[in-house]
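This report concerns only the one structure given below.
The values are calculated or read from the model by the stated rules, or taken from the named source; none is laboratory data. All values reported here derive from a predicted model rather than from experimental measurement. Positions of Cβ are backbone-derived with ideal geometry, glycine not excepted, and every protein chain shown enters the neighbour counts. Areas reflect the complete protein model, heavy atoms only, side chains present, ligands, DNA and RNA absent. Shrake-Rupley method; radii C 1.70, N 1.55, O 1.52, S 1.80 Å.
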Amino acid sequence: MRNIYLVFISLLLFSCESFVEETPKGNLIPETVDDLGMILDAFDPYDDNAITYSHANSILMSDDSRLPDIVASGVSSAGQNAYVWADHLYEPTSDDRDWNGFYHVIYLCNYILENIDNAPEGDGVYGRNFVKGNALVNRANSYFVLVNLYGKHYDSNTSSTDLGVPMPLESDINLTYARSTVKEVYDQVRQDLEEAAELLSNTADYTFQGTKPAALGLLARLHLYQGNYKKAWEYAEQVRTLMPELMDYNTIGQETPGQPDFGITNWPPFSGWEKPDVIFYKWESDFSSQYYVSDELLALMDQTVDLRFINFFTDYKYNSFDQDPNGYRCSDIADFNRGISLGEVVLTEAEAKLRDNDVNGALLALNAVREKRYVAGTPELTETNPDALLQLILDERRRETLFKGLRWFDLKRLNKDPKTAKTITRTLFGESYTLEPGSNRYVLPIPRKVIELNSLIEQNPR
């Protein structure tokens, strides 16, 4: 892979300060299709121009995580604030890494989209449609995450007035923007993904590069969150026709019993983008593998037959054989892909079909996942009561997407229905905290530093 060093240095979006500084000696301003394509190869999250950036704080906010005091002492103040759903995660003068990270990706994508149609070909390493489609998929993913972090869950009755996030569609950083509505952001995400699906091929060299299944998988997620259930399962079905079958976890095992940190047999050992079932790879170095799984989630796992628990969970300390008094965690060898994975898509199909009154189709999709995630011979589920089956699907989705960045968003949407709404309680450093359904704290505050620089942006109520 080739890399390119761009002049995208500052992350102070929506300010009157210059975003693009003078080009450092030896750096390259992208001009050709190949130059623009190389932006998309910056997959390392430690790279300043990483296109694979994804969110971190929501992992600690969800009910999947448990943060013992001794561990919390080594976590950043923002991480501690996230765990207790504080009114503000960051100090007034501090940068919000999620806000900055995603808007940086959006800037890169806007730059590509402004220049790709008229850029000369270069050496032909990258195709024009590939580069344009990738920029659209990455911009869509970024806006989807941003609007679900900093805006309310999509509600067809209020989305046209609920505030979402600022939505620049051009790379001029001297412009300022107010917040678009949740509906406007969702509409733009859908438009970007539909266009990308027409431009992209079914496969790519690497899973951090966009493909047609990636665009369709994100569309399935988008429509599930909007409550467009028929469209959600139709897109999910399309993804399944284009992808190999789910990885059978019966074919893997721990190289060293009890400690997955030291390797899994028949499992790629290194980069997460090489792992099975990954459709579109996003990663964030937030130490999720050192967080502990909540007691509630552990109780939802059948530890005798669930191969996700058997193969990836450990009660040893990180990368050691010292017993961990704090309980179980999930090894990062499993990979916490924050993009799109096939297991999520199939469970989206299951949930959407059930909500669209197709009980048999929902059961087939649910059992398709379970067949690959439980010890061979585990009986299929046969539940046909819609309410009971929905809970089974939601529990499976929770197990399948552990630490992959969806649970916080799922909590927000499920809280809209009294049948699936829940109150979360936790304790940190001797103090108890409670998060009620519909709380303002489900919507993250706009960084105070951003509001100070741009008076057009209205703060979320705390």
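Taking every protein chain into account, the accessible area of segment 371-414 amounts to 38 square angstrom per residue (probe 1.4 Å). Dividing the summed -39500 (n - 2.57) terms of all DSSP H runs of n ≥ 4 by the residue count of the chain sets its mean residue ellipticity at 222 nm at -12000 deg cm²/dmol. Between residue 357 and residue 187, full extension at 0.36 nm per residue minus the direct alpha carbon distance yields a gain of 58.6 nm.
When restricted to Cα atoms, segment 174-239 yields an Rg and a Dmax of 13.6, 43 Å, respectively. Could you tell me how many degrees, from 0 to 90 and to the nearest 10, lie between the Cα long axis of helix 128-150 and the main elongation axis, the longest principal axis, of the Cα atoms of the chain? Helix 128-150 sits at roughly 60 degrees to that axis.
With respect to the chain, whose longest principal axis is taken over its alpha-carbon atoms, helix 229-242 is tilted by about 90°. Can you tell me the 0 to 90 degree angle between the C-alpha axis of helix 386-400 and the longest principal axis of the chain, rounded to 10? Value to nearest ten degrees: 70. Normalised by the number of residues in the chain, the average gap of Cα pairs under 8 Å and 6 or more apart makes the relative contact order 19 percent. Within the shell of other residues whose beta carbon sits under 12 angstrom from the beta carbon of residue 154, the net charge comes to +3, with Lys and Arg scored +1 and Asp and Glu -1.
Within segment 318-395, the GluC sites (Glu not before Pro) that combine a DSSP coil assignment with at most 14 other C-beta atoms in a 10 angstrom radius are 380. For residue 248, neighbours were defined as the other residues whose beta-carbon sits under 11 Å from its Cβ, and their charges (Lys and Arg +1, Asp and Glu -1) total -1. Convex hull volume of the Cα atoms of the chain, normalised per residue: 146 Å³.
The apolar share of the surface of the chain, taken as the fraction of accessible area on carbon and sulfur atoms (1.4 Å probe, ligands and nucleic acids excluded), comes to 48 percent. The Rg/Rh ratio for segment 317-410 is 1.05, where Rg is the radius of gyration of the alpha carbons and Rh is the Kirkwood radius.
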